[in-house]
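Right, one structure below, let's go through it.
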Amino acid sequence: MCPKCNVELSEHYLSNTIEPFWKQLSSLFKYPLQRTPLTLIGLLTLGLLLCEILIDAEVLFIMVPILAYIAATPFVLLYYCNTVFNRTAKGDFNTAPHWHEVTGSKSQLLLQFCLLLFLFFPEMIFEYDTDNGLLNVALLIIVFMQPAIIMIMVASKSVVKAINPIVIVTLIYRIGWPYCMLAVFISLLFSAPLVLISKLPYFGLLLVLLNAVWQYYMIVIYHLLGYVVFQYQEELGFRVGYSDYLQKPDNDKFSTLPVSHQIQYRLLAEVNILIKETKLSEALELIRVNTKGEIHNVDLGLRYISLMERCGKQKAIPRVGRNVLDLLLQENRRADGMDVYKKCRKEDDTFSPREEVLRWLLDCFERSGDLVWVESVGGWLRNGH
């Protein structure tokens, strides 16, 4: 129920408000070009370059640490890619995760890596034979299922579900025909480094550079798959709230507000929960006790007035109205200002805010063409407020 209009609301799915993934390709490729993912790619590539130099120099006594580093590189990248997927699937498409935000189960990552090895390197497991039609069909099916398996694997954190044919087919069916486009695009992304290595003349740094390209594409792939999960959240059974999707407030700016202002921002969230549970009297009392008549948050003030109307406490609206009108003037919220002023005058014919507020209201009513209220507010100003 809308706390202001007292009418039942209808849900507008978030997936209807965002662009399809095939229209976001440019932003998908820009995503890894942020400081944290670029630093990660740079450090991993630099480490691999150092390993290449030491191997060529035949520094055998540190061969074990070199091999350990080379083996650990994919796990570090996969660790970060998982966080990219989860962050994107929650609706944050712009900001790549920072170091302290990277989380995940190490044992589950090991299982993921083994499964990805099978997905992305089928020719390493099966000897590819162009004359073997059955094998080609099997490899084609594996390539087609890659995106679904990765999405299930990372979202559910279960490799067992990721290899369950029923779960895979269900996910593909729910996404529909765009899944075919997704599968082709993922295949092209991962094949790009392999195509490059087959076309370029071999030189010492080639494998290191192609490894950097592969890391870049892996971040793009996981970001894209997270975006698809968000886009088809209703079909896939996910739900992301508007509070997760909409742009977060500026924490630095928020932290500079006085403590009393910060408290009322949090108070509004508690009040909204009570309203959703239809506990209107409790919400009204919560505002009254915590604000003690001093409103610093304009939305909280408007919610306070709305609750007074719905709880039959209209007589108290003018007392709160002066404070709320001052806040509305600061944010130049004309429609709300005119509405609050009318409610205050309805309950108290002698209600009169500050002269500055009255002049602002006069301008609001003139712009709206409401001549009756233009005359009323103008009369108050002519009579010396």
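No lab work stands behind these numbers, since they all come straight from the coordinates. Note that the coordinates shown come from a computational prediction; the quantities given were computed from them, not determined experimentally. Cβ: placed from backbone, ideal geometry, glycine included. Neighbour counts: every protein chain shown.
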Euclidean distance of C-alpha centroids, the stretch 316-385 and the stretch 153-193, integer Å: 58
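Want the number for Lys276 to Cys311: 0.36 nm per residue separation, take away the alpha-carbon distance, what's left?
Numbers: separation 35, 0.36 × 35 = 12.60 nm, distance 1.50 nm.
Result for the pair: 11.1 nm of gain on full extension.
Report the net charge of residues surrounding Tyr79, where surrounding means a beta-carbon distance below 14 angstrom and charges are Lys +1, Arg +1, Asp -1, Glu -1. Let's see the in-between values first.
Working: positive: Arg87, Lys106, Lys157; negative: Glu101.
So the surrounding residues net to +2.
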Dipole moment magnitude, nearest 20 debye, the stretch 251-382 about Cα centre, only Lys, Arg, Asp, Glu C-beta charged: 240
Neighbour net charge for Arg382 - beta-carbon separation under 13 angstrom, K R +1, D E -1: -1
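Net charge near Glu270, counting Lys/Arg +1 and Asp/Glu -1 over other residues with Cβ under 14 Å of its Cβ? Provide the component values of the computation, followed by the final result.
Values: positive: Arg266, Lys276, Lys279, Arg288, Arg303; negative: Glu277, Glu282, Glu285, Asp299.
With Lys, Arg at +1 and Asp, Glu at -1, the neighbours total +1.
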Table column - 3J(HN,Hα) (Hz), the stretch 274-281, Karplus curve with 6.51, -1.76, 1.60, x for Gly and Pro: 5, 5, 4, 8, 6, 9, 5, 5
Point-to-point label distance, Glu366-Leu210, nm (Cα→Cβ direction, 7 Å offset): 7.4
Distant-in-sequence amide H partners of Ala96 (H built 1.01 Å from N, under 5 Å): none
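I need to check one value: relative contact order of the stretch 251-382, counting alpha carbon pairs closer than 8 Å and at least 6 residues apart, in percent. Kindly include the intermediate steps, with their values, before the conclusion.
On the way: 106 pairs, mean separation 21.7, N = 132.
Reported relative contact order: 16 percent.
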Whole-Hz couplings from phi, Karplus 6.51/-1.76/1.60, listed for the stretch 302-317; x for Gly and Pro: 5, 5, 4, 5, 4, 5, 4, 5, 6, 9, x, 10, 4, 4, 8, 4
Hz values of 3J(HN,Hα) by residue in the stretch 343-357 - Karplus curve (6.51, -1.76, 1.60), Gly and Pro given as x: 5, 5, 5, 5, 8, 8, 4, 9, 4, 8, x, 5, 4, 4, 5
Lys/Arg +1, Asp/Glu -1 at C-beta; the stretch 251-382 dipole; positive extreme among Leu325, Leu280, Ala269: Leu280
Above-threshold pairs, the threshold being 28 Å between Cα atoms, out of Lys23/Lys276; Lys90/Lys279; Lys292/Lys343; Lys106/Lys161; Lys161/Lys276; Lys23/Lys161: Lys23/Lys276; Lys90/Lys279; Lys161/Lys276; Lys23/Lys161
